[in-house]
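Asks: Here it is, the structure in full.
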Amino acid sequence: MQVIEDIADKVEAGRRLTVEDGRRLFQHPNLTELGILANLVRERKHPEPVVTYNVGRNINYTNVCWVKCDFCAFYRPPGSDEGYLLSTEVIFAKIDELVAFGGAEPKSCEILMQGGLNPKLRLDYYEELLSRIRDRYPMVQLHCLSATEIIYIAHLSRLSLAETIGRLRAAGLDSIPGAGAEILSDEVRDVIGFRKDRTDEWLEVHRVAHGLGMATTATMMYGHVESLDQRLEHLRLLRQLQDDTGGFTAFIAWNFQPDATALGADATRWNGAVATGYDHLRTVAVARLFLDNFENFQASWVTQGPKIAQVSLRYGINDFGSTMLEENVVSAAGTSHTNDMNLETMERLIGDAGYEPRRRNTRYQSVATRAEPAALQAAGSA
Ligand code: SF4
């Protein structure tokens, strides 16, 4: 390892990388060497040859959103004929499908419930919905509401973030997904979604949630208008917050999906260069090396496909993410591999890469009950 020998020495000694180290890793042409280093850290943190996965379902309860991010193909503006708000009965029916094979252990399967910023929905709507799900489905972890939604709910309710998150938590919210981070740079946010919350606001939601004892995840949507330095600044901010709170359970990176988005159609802001498999593997490997205080890194099979997701298991990834019975946001932008994936495929991909597949919950604790592939596949195609 000629060019990055000094960085390799740091990694082997367990020393923290600098931003300059990260920059050199991003520019390093030998992807295999990055993978070897990232895998070294992954094996240090997870010595067992196991790749975990979570049985979960996305529920996008509303697509109505006034924010109109230019990278988003999912939203419909208020008043649109194509806007929807799912009824509680429909949401229950979706959860019924999940728990039919999800097992009886408390919090053993996950609902990832997120939506647009719908001006008609106030805090009491969320409190009622969450509490009804919590009371009816004790086996379900409510991993819901991005920082963006929480900020808006707090704004509409004229409450502080701590009060808002505290009330949502009291109603049943268990943990908060990392969506909405995109790239944590106001310069980037001004271009791709200027109405969206600022960098500091996204970080503050997670800081407050961690302070209340709640776990959250961190994400990065890369491969649009950002520079490599801005990707690194994103990682630096996450690492800093994790140093302060330790509340992030996982990091997930996925690349921008341009189809049917305003940004994708605008050649003055977007050059059409969808992230390649190399870019993805390099990005997750650098993230694994830079985010030395994160334990879990999820594969991104929805955007990168099952095969790159499988290869990423040797580039620092230790978790295959959710079975994701339903996915609407990425598929609205054209590229989604949800139809290529079921539990049998996921377990085969993991096993073929040399690991034992193991089911976990949102907290990354093992779940004894194995999901039944046939039932999962049937629900996924419903
Ligand atoms: S990314 Fe979220 S906040 Fe932005 S337009 Fe889409 S649904 Fe709305």
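The values are calculated or read from the model by the stated rules, or taken from the named source; none is laboratory data. The shown structure was predicted, so the numbers you read here are calculated from the model rather than taken from an experiment. Cβ atoms come from the backbone with ideal geometry, glycine included; neighbour counts cover every protein chain shown. Ligands, DNA and RNA are excluded from the accessible area calculation, which covers all protein heavy atoms including side chains. Shrake-Rupley method; radii C 1.70, N 1.55, O 1.52, S 1.80 Å.
Asks: For LEU159, only one of the following conditions fails: (1) farther than 29 Å from VAL367 by Cα; (2) open to solvent by 20 Å² or more (accessible area, probe 1.4 Å); (3) assigned to a helix (DSSP H, G or I); (4) more than 16 Å from the ligand (Cβ to nearest atom). What is its number?
Replies: Tallying (1) farther than 29 Å from VAL367 by Cα; (2) open to solvent by 20 Å² or more (accessible area, probe 1.4 Å); (3) assigned to a helix (DSSP H, G or I); (4) more than 16 Å from the ligand (Cβ to nearest atom), LEU159 fails exactly one: (3).
Asks: With the condition kept exactly as written, say whether any residue in the stretch 206-214 is open to solvent by less than 10 Å² (accessible area, probe 1.4 Å), more than 16 Å from the ligand (Cβ to nearest atom), touching a helix residue (DSSP H, G or I) at 6+ places or on another chain (Cβ under 7 Å) and in a loop (DSSP other than H, G, I, E, B). Spell out how you get there, then give the answer.
Replies: Step one: of the stretch 206-214, the residues open to solvent by less than 10 Å² (accessible area, probe 1.4 Å) are 206, 209, 214.
Subsequent filtering for residues that are more than 16 Å from the ligand (Cβ to nearest atom) retains 206, 209, 214.
Remaining after also requiring touching a helix residue (DSSP H, G or I) at 6+ places or on another chain (Cβ under 7 Å): 206, 209, 214.
Okay, now just the ones that are also in a loop (DSSP other than H, G, I, E, B), so 214.
Yes: one or more hits.
Asks: Could you grab me the full set of residues in the stretch 76-98 that are touching a residue at least 12 places away in the same chain (Cβ under 8 Å), in a helix (DSSP H, G or I) and aliphatic (A, V, I, L, M)?
Replies: Across the stretch 76-98, the qualifying residues are ILE91, ILE95, LEU98.
Asks: So, one more: Find all pairs meeting these conditions: Cβ atoms under 6 angstrom apart; at least six residues apart or on different chains; first residue within the stretch 167-183 and open to solvent by less than 10 Å² (accessible area, probe 1.4 Å); second residue basic (Lys, Arg).
Replies: These pairs meet every condition: GLY172/ARG134.
Asks: Oh, and also: If you scan the stretch 102-117, which residues turn out to be surrounded by 21 or more Cβ atoms within 10 Å (Cβ to Cβ) and either in a strand (DSSP E or B) or out of contact with any Gly (no Cβ under 7 Å at 6 or more places or on another chain) (or both)?
Replies: Passing the criteria: GLY102, CYS109, GLU110, ILE111, LEU112, MET113, GLN114, GLY115, GLY116, LEU117.
Asks: Failed condition for ALA378, given (1) at pLDDT 90 or above; (2) of a type in the set (Gly, Ala, Ser); (3) outside any loop (DSSP other than H, G, I, E, B), with all others met?
Replies: (1)
Asks: Any residue in the stretch 6-15 that is modelled with pLDDT of 95 or more, part of a helix (DSSP H, G or I), in contact with an Asp or Glu (Cβ under 6 Å, 6 or more places away or on another chain) and open to solvent by less than 10 Å² (accessible area, probe 1.4 Å)?
Replies: For the stretch 6-15, residues modelled with pLDDT of 95 or more, part of a helix (DSSP H, G or I), in contact with an Asp or Glu (Cβ under 6 Å, 6 or more places away or on another chain) and open to solvent by less than 10 Å² (accessible area, probe 1.4 Å): present.
Asks: Further question on the same structure: So which of PRO78, PRO49, PRO106, PRO138 is more than 16 Å from the ligand (Cβ to nearest atom) and in contact with a Phe, Trp or Tyr (Cβ under 6 Å, 6 or more places away or on another chain)?
Replies: PRO49
Asks: Applying the selection to the stretch 23-43, what residues are basic (Lys, Arg) and farther than 20 Å from ILE350 by Cβ?
Replies: We begin by selecting, within the stretch 23-43, every residue basic (Lys, Arg); these are 23-24, 42.
Across the stretch 23-43, the qualifying residues are ARG23, ARG24.
Asks: Further question on the same structure: Restricting the search to the stretch 52-75, which residues are within 26 Å of LYS107 (Cα to Cα) and either more than 16 Å from the ligand (Cβ to nearest atom) or touching a residue at least 60 places away in the same chain (Cβ under 8 Å) (or both)?
Replies: THR52, TYR53, ASN54, VAL55, GLY56, ARG57, ASN58, ILE59, ASN60, TYR61 - these are the residues of the stretch 52-75 that are within 26 Å of LYS107 (Cα to Cα) and either more than 16 Å from the ligand (Cβ to nearest atom) or touching a residue at least 60 places away in the same chain (Cβ under 8 Å) (or both).
Asks: Turning to a different aspect of this structure: Need a quick list: helices (runs of 4 or more DSSP H) entirely within the stretch 225-335 having at least 1 residues that are at pLDDT 95 or above.
Replies: Because the criterion is at least 1 residues that are at pLDDT 95 or above, the helices (runs of 4 or more DSSP H) in the stretch 225-335 that meet it are 228-245, 277-290, 301-311.
Asks: Quick check on PHE92: is it away from the ligand (no atom under 16 Å from the Cβ) and open to solvent by 10 Å² or more (accessible area, probe 1.4 Å)?
Replies: Against the criterion (away from the ligand (no atom under 16 Å from the Cβ) and open to solvent by 10 Å² or more (accessible area, probe 1.4 Å)), PHE92 qualifies.
Asks: Related question: Give the residue that is farthest from the ligand (Cβ to nearest atom), with candidates limited to residues of the stretch 169-198 that are assigned to a helix (DSSP H, G or I) and in contact with a Ser or Thr (Cβ under 6 Å, 6 or more places away or on another chain).
Replies: ALA171
Asks: Here's something else I'd like to know. I need the full set of residues from the stretch 215-224 which are in a loop (DSSP other than H, G, I, E, B) and either away from the ligand (no atom under 14 Å from the Cβ) or among the small types (Gly, Ala, Ser) (or both), in order please.
Replies: Once the filter is applied, which keeps residues that are in a loop (DSSP other than H, G, I, E, B) and either away from the ligand (no atom under 14 Å from the Cβ) or among the small types (Gly, Ala, Ser) (or both), the stretch 215-224 yields only GLY223.
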